[in-house]
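**Student:** Please find one structure pasted underneath; my questions will follow.
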Amino acid sequence: MRYRVQDLEAALADVTLSMPRSPTESFGTLPVAYTSYTGPNNPHIEAIADGNINLLQTLYNPAGETFPDYSSLYEHITCKIDLRAFLGVSGSKFRCLFHNDRNPSASIFTSKAGEQFYKCHSSHCGFRGNIRRCVEKLRGCTSAQAGRLLQEVFRLRIEESPWAAGQRQLLEENRRVLTTDLESLYPDLYKNVRRDLVLLDQMIGIAIESSELEEFVRSDLGIVFFASNRHLAKVLNIGQHRTVSKKIANLCFHRLLTKVSQEQIPADLLQRSLKCNSAKGHSSTIGYYCIPPYTDDRLDEAVERARLYQNCPLSRRAATYEGYYRTFGVDIAREIYPQIGERDHHPDAEDRTFQIQEATMAMIGEYGYAVEREILDQVSQGKKLVYGIVKTQFKRSLHEMLQSYNLEMVQLNKPLKERLGIEIPGYPRIIMPRRQDDSEQADEMD
Ligand SMILES: [Zn+2]
């Protein structure tokens, strides 16, 4: 292979570059007084650290070049750009850019594969990396952002294939539909999705950016891309990843976004996304998506869904696999959560829900109230199930249970305990028959 997999992964993971780092932001993450390591005047390093494209172009005067695909562009960046000239260093050894180096201890070498590397020979620094890693480190940015910077500075482009151009046009047309037609021509649909349109627009942006990675993203469905909920939450400035997944579910339900099932994900993309996620040291929920063209037929389906939804509204709180499954049936639930699939939706979960309800109602029948802890103990002991699983299931089905049996969950306090004659230690939350018609009360508990 001519390119390093992890660099491609990084590029794929982070293709949203619609939000460039501001120079001040990146400057803030740099080591203090980095320029002192290289002597007072290295305009190259300053310009790289600042992301000053214009200055860098003046320094290198790049001719620009077009490549047929991402791999060849990538090879050009790591092998053909003169790293020495790029960093503005000279001599076989020079003072390291990444630590306070008194004696020149850094050099540049070319690997057998033809890739140019920076290497610091100092034992306590030891920085080693190709041009992208150098930019990443100097700028304090991600690998993908470093790649973009290089691409921009050296005017490197990927020739757009007819397929990619066609896909991009469809996506641009989708954007037009969303911004100009949706509210006026499809008001029912608009009403249901308007809170999620910013997210959808971001995702269309990712799809458009991904079009140049055709080798990885091309499928019969169109461009298949992936995004982690963590990343989307960050881009949208939402604290909760769960909120993102509920927004995504709503968009999928309304046919404006498609979740791609495991077997439809292009093999390379799948492999790389999984590696990439584990390489980041945290596992965030990754979704694989494609954006269907918003044809008249598609929008008719979307409107149909909007009406279905208005007949059986599903609160955001209940908008989980379980919620969709219970409200709209298994086909729609699987469409929205293809990764859960047949195997996982299980009679088991159904069974647990049933047991939870049964235990709760039995306790209420006997004592007039039920304590969450006792319900969980009873269900997990009786069936030797892991407590955590039962607890999760309890939370998922709580809302539905409260609704269907006209119950409420309340936090015990002293007066309430006295009034209801409850004699248990402490002040846990209890489930009891609803005292008044106050459906919001249950909502406050989560
Ligand atoms: Zn060093």
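**Student:** Which of the residues that make up region 265-287 are modelled with pLDDT of 75 or more and in a loop (DSSP other than H, G, I, E, B)?
**Tutor:** Hits for region 265-287 are ILE265, PRO266.
**Student:** Search region 79-94 for residues that are in the same structural domain as ALA49 (by TED's automatic domain parsing) and on the phi > 0 side of the Ramachandran plot and pair each with any residue that is among the aliphatic types (A, V, I, L, M) and buried (at least 16 other Cβ atoms within 10 Å of the Cβ) when their beta-carbon atoms are under 8 Å apart and the residues are at least 6 apart or on different chains.
**Tutor:** Taking only residues 6 or more apart or on different chains, the pairs are GLY88/ILE45; GLY88/LEU59.
**Student:** Would a scan of region 116-124 turn up a residue that is at pLDDT 95 or above, surrounded by 14 or more Cβ atoms within 10 Å (Cβ to Cβ) and away from the ligand (no atom under 16 Å from the Cβ)?
**Tutor:** Yes, region 116-124 has at least one match.
**Student:** While we're on this one: Name the residue, out of ASP201, ASP181, ASP188, that is out of contact with any Leu (no Cβ under 8 Å at 6 or more places or on another chain), free of Cβ contacts under 8 Å to residues at least 60 places away in the same chain, acidic (Asp, Glu) and part of a helix (DSSP H, G or I).
**Tutor:** Being out of contact with any Leu (no Cβ under 8 Å at 6 or more places or on another chain), free of Cβ contacts under 8 Å to residues at least 60 places away in the same chain, acidic (Asp, Glu) and part of a helix (DSSP H, G or I) holds for just one of ASP201, ASP181, ASP188, which is ASP181.
**Student:** Inspect region 49-63 for any residue being touching a Ser or Thr at 6+ places or on another chain (Cβ under 8 Å), over 27 Å from SER210 (Cα atoms) and not aliphatic (A, V, I, L, M) and give the result as yes or no.
**Tutor:** Checked region 49-63: no residue is touching a Ser or Thr at 6+ places or on another chain (Cβ under 8 Å), over 27 Å from SER210 (Cα atoms) and not aliphatic (A, V, I, L, M).
**Student:** Then there's this: Quick one: which residue in GLU136, GLU160, GLU152 is under 27 Å from LEU56 (Cβ atoms), among the acidic types (Asp, Glu) and in contact with a strand residue (DSSP E or B) (Cβ under 9 Å, 6 or more places away or on another chain)?
**Tutor:** The match here is GLU136.
**Student:** Can you pull out every residue in region 125-134 that is more than 14 Å from LYS80 (Cα to Cα) and either within 8 Å of the ligand (Cβ to nearest atom) or in contact with a helix residue (DSSP H, G or I) (Cβ under 9 Å, 6 or more places away or on another chain) (or both)?
**Tutor:** CYS125, GLY126, PHE127, GLY129, ARG133, CYS134
**Student:** Scan region 97-115 residue by residue and report those that are surrounded by 12 or more Cβ atoms within 10 Å (Cβ to Cβ), within 36 Å of the chain's Cα centre (by Cα) and more than 10 Å from the ligand (Cβ to nearest atom).
**Tutor:** Result: ALA113, GLU115.
**Student:** Regarding region 146-165, can at least one residue be identified that is under 25 Å from ASP50 (Cα atoms), hydrophobic (A, V, I, L, M, F, W, C) and within 13 Å of the ligand (Cβ to nearest atom)?
**Tutor:** The answer is no; no qualifying residue exists.
**Student:** In the list GLU214, GLU209, GLU160, which residue meets the criterion of being touching a Ser or Thr at 6+ places or on another chain (Cβ under 9 Å), touching a residue at least 12 places away in the same chain (Cβ under 8 Å) and part of a loop (DSSP other than H, G, I, E, B)?
**Tutor:** GLU160
**Student:** Mind telling me which of the residues ILE389, ILE375, ILE356, ILE364 ends up being at pLDDT 75 or above, closer than 24 Å to TYR321 by Cα, in contact with a Leu (Cβ under 9 Å, 6 or more places away or on another chain) and assigned to a helix (DSSP H, G or I)?
**Tutor:** Of ILE389, ILE375, ILE356, ILE364, the one residue that is at pLDDT 75 or above, closer than 24 Å to TYR321 by Cα, in contact with a Leu (Cβ under 9 Å, 6 or more places away or on another chain) and assigned to a helix (DSSP H, G or I) is ILE356.
**Student:** Can you tell me which residue in region 77-94 is farthest from the ligand (Cβ to nearest atom), limited to those that are surrounded by fewer than 19 Cβ atoms within 10 Å (Cβ to Cβ) and more than 20 Å from GLN57 (Cβ to Cβ)?
**Tutor:** Filtering first and then ranking leaves CYS79.
**Student:** Only one of these is touching a residue at least 12 places away in the same chain (Cβ under 8 Å) and within 30 Å of GLY239 (Cβ to Cβ): ARG168, ARG175. Name it.
**Tutor:** From the options ARG168, ARG175, the qualifying one is ARG175.
The values are calculated or read from the model by the stated rules, or taken from the named source; none is laboratory data. Remember, predicted model here, so these are calculated numbers, not experimental data. So basically every Cβ, Gly included, is an ideal-geometry build from the backbone, and we count neighbours across all protein chains shown.
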